[in-house]
Each structure stands twice: as structure tokens, then as C-alpha cells.
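Trainee: My structure is below; once you've seen it, I'll send some questions.
The values are calculated or read from the model by the stated rules, or taken from the named source; none is laboratory data. Since we're looking at a predicted model, the values are computed, not measured. Positions of Cβ are generated from backbone atoms using ideal geometry, with glycine treated the same way; all protein chains shown enter the neighbour counts.
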Amino acid sequence: AEVVWVNEGVQLVELSPPDPWNVDPKTPEELEVGEVTVTYLTHACMELKCGRKTMLFDPWLTGPAFARGWWLLHKPPEDSLERLCQADAIYISHMHSDHLSYPSLKTLSDRRPDVPIYVGDTSRPVFWYLRSSGVTLTNINVVPFGIWQNIDEHLRFMILMDGVHPEMDTCIIVEYKETWKAEFIKNERKKLLNYKAQLVKTLQPKIYCPFAGYFIEAHPSDRYIREINMKNSAEELNALTRKLNPSIKTWTPKPGSVLDLSLALKDPSSSMAITDPPPNTQLYMNKWEFDLYMDEINSVITDDIFKHKNWIQFYYRWADFKDYNLVVRVIETDEDFRPFPNGYDYFVDFLDLSFPGQRPERDHAYLEIKNRVGVMRYIVKNGLLWDSLYIGFQNRISRDPDMFHFRFWNHFQIKLPTKRPDWNLFLLQETSVPVQADSHR
């Protein structure tokens, strides 16, 4: 089903056929041992080998995600980037940077830019930022939802809209010799363990593996978030799943561990079905390249754009969010969310897209957003979405009244223009000296 906006609300539109994966059924065939394997690399990245073909999913293998808010928890196997470059096909579920990682794809761009990459036909294109990213990929395939895509005579896949964020996220069904269908379904990590366990009980898969939540707020300035942002444990979830569903085999993956589907399906209790990495393998990251990525972000702080206060009006008019009774105060801050010296502190009234010097006297909803100056200016200059601020823990927010403004956040996280602001035009306008008419003539 697809969710669409109708008169300030949402409406569910059913797809036809309702179960597209049942279209064009094939005759099941027996799997040989080792014929289908799943290797966990890190976070949401899995390598699937089916016969002679290899698919890779959501390769975040290096660098941070959400500007500099998320860092890899699990250390990918040393040959992970090589695996990426050798893949026969790559699936990227959505545009968030823990799934679509431009630092990771830069290696692919340099070594094998023609690898087939498949994404769903989401309302905002998954690769909307590709042209500005410095990454060159020449074989991106945007495929319609609910249609089988054939890799070879035995392997095919189908991309479906995600049930939580259908406007931007997707999931995939992979089918090999009809014997095995694997649904990679993303669930919000904030949902309760019991809900997830009940979901597994309802779906009744033969094998269940929770993944895509293996990140850490590693930078020292994010220690506070790291301590309070308690995450669900995969071990706890799998233990609860086994308690409620004893017949379901669970897998808590380690980087480089391999699941053999033939063995697992024939005998779920078999200890041979899962191969863990060698005992001395480093599983967790213990150092990150903070300076490499943060220097790039913070380099924009002194950009010429921000020497002119009018960048504020230029940017928000480019963003084009208005006709909503919300006033936002934005404060540029240092690492510790204290006002940045000589930083900007301004109001935006989104009812008429004006820029008052103080809060208006009329009744209105109000947000106060403190943004780390480097991340905010990097986003502004490059026309990026605000998910790096919000999901990446790069701001602090207070609300009056205490309510979530879906339209505001949805616009700035999904609906900003895909073409970045024309800052050359802005600087030209700001530095041009107007010609005064001679009043004595």
C-alpha cells in the first residue's frame, strides 16, 4: 500500500495486485550446501551469494553517517570494499547515509563505477544528490515496485515500498530457485521488543536476523547522547523471539559471519549452519577517522556565503516551506551547544515566510533549534536534507507546545528541492554595487 497526503491527513492507497510476489511462480528446486550464503559485513550491509551471483545490500563500510553523528560499531571485514567492487548487483534501500554511504561508494566509483545498482522508485529519488557528491556511478537502475527483476535464470528480486516510511524507504524480496524467499524488512529501532517479537511470530520466518542498528555515537562531543540513547539489544530480541517462537532459528550476526541457507533450512538446529569469524577477529571499531570527515564539514564555517546575513532569507526561500503557523528560532552553536561566537541567531515565521526580529504576538507554535554551526552551514551550503541534524543528534530542540510538527520536519527531511541553492547568484547579488541615479541631471 502507498500512503499519500489528502487534506492535511493521510490516506492508504492499496496496490494491485496486493501480493505481487505471488505473480509468475516458479517450480521449487533443491539447494546444495554452500549454494546460498548470507555474510554479515556491518550495520545493514549483507552479502548474499546465490549460485554464481553475488548481491550486496546497503554498503555503509567506511566514514560516518548523518554528517558526523553516527559511526560504525562493528568493524567490517578487511576485504569488505573488495567485496563491494566485485558484486554482481547492489541494492540500496533508501537515501539515509547509513544505507547510501557516499564515502563507501567513492571506492566503487574509482574502481568499478558500472556495477549495477538497484533502488526503488521512491517519491524523492534515492540518488538525488549524486551529481553534487563527487561520486560517479554509471549503472543506477530505478525499478518500479512489485515487479520481479531477473539477475539470471535462478535469481530474481522484487523491491517493495517500506511499511513505515513508504515515501522514501523500501524493502526487498530475493528469490532463488523458488526454494527461498528472504524479506529484508526494516523496523524502527524505537519500537518495543515485544512488538518486534510478535511481528516475527506473525510472519513465521524460518530464520530471523535483526540488523541495521549497529552504530555508535563515537565522537567525544556526543558522549551525552551515547549514554542516554539506549538501543535494543539484538541478543535480547533474539532471546525473546525464541521464547515466543521456539521453531524459528535466530541469528545474531558478527562481522564476517556466514549463514548457509541450505543447512539452516534443512536442520535449523544444526551448528554447522552458521560460521562465525575466527576467534581473534576484531569485531568492534576502536578508532574512527574523526578529523578527516569533520575537517571537511567545518571548512564551510568561514565560507563567503556566511559573511552576508541575507543568506538566511535566500536559503529559506529556496527551501520554500510556508503557510504553516510555526515560528522557529535557529541558534548556531559550538560543539557543546553554546552560542557560537559571532554566529547567527534568527527567527523564521513559516506562516508567511518572514524573518522577524522577535516572536510575533499572535498565537503560534514555536521551536527553538540549536544547531552545531559546522553541520548546519554544511547542510545549508550543499542543499542537503536536515536528517543529518535531526537523526544525527547535531541539534537540541525545545518546543512550545510540546508537539511534533510533521509537516515541517517532513519537508526539511524529504521535500527540499533536489537542486542545491545557487550561492554564486547569491554572492553576485550581495557584492554588486547598485548604480545610483544622478539627481542633478
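Condition check ((1) crowded, with 20+ Cβ neighbours inside 10 Å; (2) polar (S, T, N, Q)) across all residues:
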site: 213; (1), (2): no, no
site: 223; (1), (2): no, no
site: 227; (1), (2): no, no
site: 242; (1), (2): no, no
site: 247; (1), (2): no, yes
site: 252; (1), (2): no, yes
site: 260; (1), (2): yes, no
site: 267; (1), (2): no, no
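Trainee: Let me ask something else. Somewhere in region 33-47, is a residue touching a residue at least 60 places away in the same chain (Cβ under 8 Å), closer than 25 Å to residue 389 by Cβ and touching an Asp or Glu at 6+ places or on another chain (Cβ under 9 Å)?
Mentor: Yes, there is a match, as at least one residue in region 33-47 is touching a residue at least 60 places away in the same chain (Cβ under 8 Å), closer than 25 Å to residue 389 by Cβ and touching an Asp or Glu at 6+ places or on another chain (Cβ under 9 Å).
Trainee: Another question about this same structure. Got a number for residues in region 256-301 being modelled with pLDDT under 95, within 20 Å of residue 78 (Cα to Cα) and small (Gly, Ala, Ser)?
Mentor: Of the residues in that region, 0 qualify.
A quick yes/no check of all residues on (1) closer than 19 Å to residue 64 by Cα; (2) assigned by TED's automatic domain parsing to the domain that holds residue 44; (3) of a type outside the set (D, E, K, R):
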residue	(1), (2), (3)
83	no, yes, no
90	no, yes, yes
98	yes, yes, no
108	yes, yes, yes
113	no, yes, yes
119	no, yes, yes
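Trainee: Using the structure shown, decide if residue 35 is in contact with a Gly (Cβ under 7 Å, 6 or more places away or on another chain), acidic (Asp, Glu), outside the structural domain of residue 392 (by TED's automatic domain parsing) and surrounded by 15 or more Cβ atoms within 10 Å (Cβ to Cβ).
Mentor: Yes: the conditions hold for residue 35.
Trainee: Here is a further query. Looking only at region 278-292, count every residue that is surrounded by 14 or more Cβ atoms within 10 Å (Cβ to Cβ) and either acidic (Asp, Glu) or outside any helix (DSSP H, G or I) (or both) and tell me the total.
Mentor: 4
Trainee: Provide a single number: the residues in region 245-265 that are within 25 Å of the chain's Cα centre (by Cα), of a type in the set (A, V, I, L, M, F, W, C) and in a loop (DSSP other than H, G, I, E, B).
Mentor: The total comes to 1.
Trainee: Another question, if that's okay. Could you check region 333-441 for helices (runs of 4 or more DSSP H) lying wholly inside it with 2 or more residues that are surrounded by fewer than 14 Cβ atoms within 10 Å (Cβ to Cβ) and modelled with pLDDT of 95 or more?
Mentor: Hits in region 333-441: 423-431.
Trainee: Give me the pairs, please: first residue somewhere in region 73-89 and buried (at least 20 other Cβ atoms within 10 Å of the Cβ), second residue anywhere and small (Gly, Ala, Ser), beta-carbon distance under 8 Å, and either six or more positions apart or on two chains.
Mentor: From residues that are buried (at least 20 other Cβ atoms within 10 Å of the Cβ), the pairs are 77/256; 84/104.
Trainee: Turning to a different aspect of this structure: In region 294-323, which residue that is in contact with a helix residue (DSSP H, G or I) (Cβ under 7 Å, 6 or more places away or on another chain) and among the polar types (S, T, N, Q) is surrounded by the most Cβ atoms within 10 Å (Cβ to Cβ)?
Mentor: The residue in question is 298.
Trainee: Against the condition modelled with pLDDT under 95, over 30 Å from residue 224 (Cα atoms), outside any loop (DSSP other than H, G, I, E, B) and in contact with a Cys (Cβ under 9 Å, 6 or more places away or on another chain), how does residue 160 come out, does it pass?
Mentor: On the way: modelled with pLDDT under 95: yes; over 30 Å from residue 224 (Cα atoms): yes; outside any loop (DSSP other than H, G, I, E, B): yes; in contact with a Cys (Cβ under 9 Å, 6 or more places away or on another chain): yes.
Considered against the rule, which asks whether it is modelled with pLDDT under 95, over 30 Å from residue 224 (Cα atoms), outside any loop (DSSP other than H, G, I, E, B) and in contact with a Cys (Cβ under 9 Å, 6 or more places away or on another chain), residue 160 comes out as yes.
Trainee: Can you report the number of residues in region 229-249 which are within 30 Å of residue 392 (Cα to Cα) and among the hydroxyl-bearing types (Ser, Thr, Tyr)?
Mentor: Number of matching residues: 2.
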